[in-house]
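Enquirer: Structure below; questions to follow.
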Amino acid sequence: QLGSGADTAWLRKFQMLINAKFNEYEPKELTDWKERQDKALQDQAKEYVDTTEKYMKERIIQNLKILFGDRWELQLGKIQRDCDARAKTEMEKHYKEGLEVREIPWTDMFTIMEYKKIIEDYWTRKPDIDTPNFKTFEKLFSIDINLGKFNSKTDKTKWLSLFNSFRNNTAHKGSKEKGLNKTDVSQLEDIHRKMLENSE
């Protein structure tokens, strides 16, 4: 193996050989690397990512429809246009690669950072008409990830940036240095649990 990742790849190979012979030899970076290669752990991480993202999409769209009615798509402006463009690009790619052409709803193309912007833009917004059981974005998506302060909107939405990095690392299966370790997956589980508690 050559290139920028070669040094690390060879180091891990030699560390694994030593570890196989001497169990007591297991430096922290080797433990971390082994966890990131653990398929069961990565599958668990993906499950948390997928269910959390699905829940976010459902609750965000539900709230937007309550807040803005039939105009909710127009309310999003650039975000809606960007999602629509990504959906069309994806359909075009499928067509050019000879794959089955299917309609891709623009609502399937949100990024996590677009969710973050929507949540922050309508943080405390309530519907004009009294709506039983309505919860603001603040109530639904304030999640403490134990970074100290937890007072401002910025503090309460920091988890979204962390979640985005976890999501990106679960998506890049081709890189052996990517993936999530046990600490990451534990944080993902915590985010998932707290989000569901907020909706109760």
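The values are calculated or read from the model by the stated rules, or taken from the named source; none is laboratory data. As the structure is a computational prediction, the values presented were derived from the model and not from experiment. With ideal geometry, Cβ positions are generated from the backbone for all residues, glycine too; neighbour counts draw on all protein chains shown. When the accessible area is computed, the model is the full protein with side chains, heavy atoms only, and any ligands, DNA or RNA have been set aside. Shrake-Rupley method; radii C 1.70, N 1.55, O 1.52, S 1.80 Å.
Enquirer: Can we say Met91 is open to solvent by less than 60 Å² (accessible area, probe 1.4 Å) and in a helix (DSSP H, G or I)?
Expert: yes
Enquirer: Would you pick out the residues in segment 82-138 that are of a type in the set (A, V, I, L, M, F, W, C) and within 23 Å of Trp159 (Cα to Cα)? Working first, answer last.
Expert: First, the residues of segment 82-138 that are of a type in the set (A, V, I, L, M, F, W, C): 83, 85, 87, 91, 99, 101, 104, 106, 109-110, 112-113, 118-119, 123, 129, 134, 137.
Once the filter is applied, which keeps residues that are of a type in the set (A, V, I, L, M, F, W, C) and within 23 Å of Trp159 (Cα to Cα), segment 82-138 yields Cys83, Met109, Phe110, Ile112, Met113, Ile118, Ile119, Trp123, Phe134, Phe137.
Enquirer: Then there is this: Please determine, by comparing only the residues of segment 45-74 that are open to solvent by 70 Å² or more (accessible area, probe 1.4 Å) and in contact with a helix residue (DSSP H, G or I) (Cβ under 8 Å, 6 or more places away or on another chain), which one is nearest to Arg167 (Cα to Cα).
Expert: Across segment 45-74, the extreme among qualifying residues is Lys46.
Enquirer: When you check Ile129 against the structure, is it among the aliphatic types (A, V, I, L, M) and under 30 Å from Leu41 (Cβ atoms), yes or no?
Expert: no
Enquirer: Mind listing just one residue for me: the one in segment 1-15 that is open to solvent by less than 100 Å² (accessible area, probe 1.4 Å) and in a helix (DSSP H, G or I) and, of those, nearest to Glu35 (Cα to Cα)?
Expert: So, considering only residues that are open to solvent by less than 100 Å² (accessible area, probe 1.4 Å) and in a helix (DSSP H, G or I), the one nearest to Glu35 (Cα to Cα) is Arg12.
Enquirer: Right, here's the next one. Testing Glu47 on (1) acidic (Asp, Glu); (2) closer than 24 Å to Lys194 by Cα; (3) at pLDDT below 95, one condition comes back false. Which one is that?
Expert: Against the list (1) acidic (Asp, Glu); (2) closer than 24 Å to Lys194 by Cα; (3) at pLDDT below 95, Glu47 comes up short only on (3).
Enquirer: While we're looking at this one, here's another question. Looking at (1) within 30 Å of Gln187 (Cα to Cα); (2) in a helix (DSSP H, G or I), which one does Ile18 not meet, given that it meets all the others?
Expert: Failed condition: (1).
Enquirer: Just checking, which of Leu64, Leu74 is of a type in the set (A, V, I, L, M, F, W, C), assigned to a helix (DSSP H, G or I) and more than 20 Å from Thr131 (Cα to Cα)?
Expert: None of the other options fit; the residue is Leu74.
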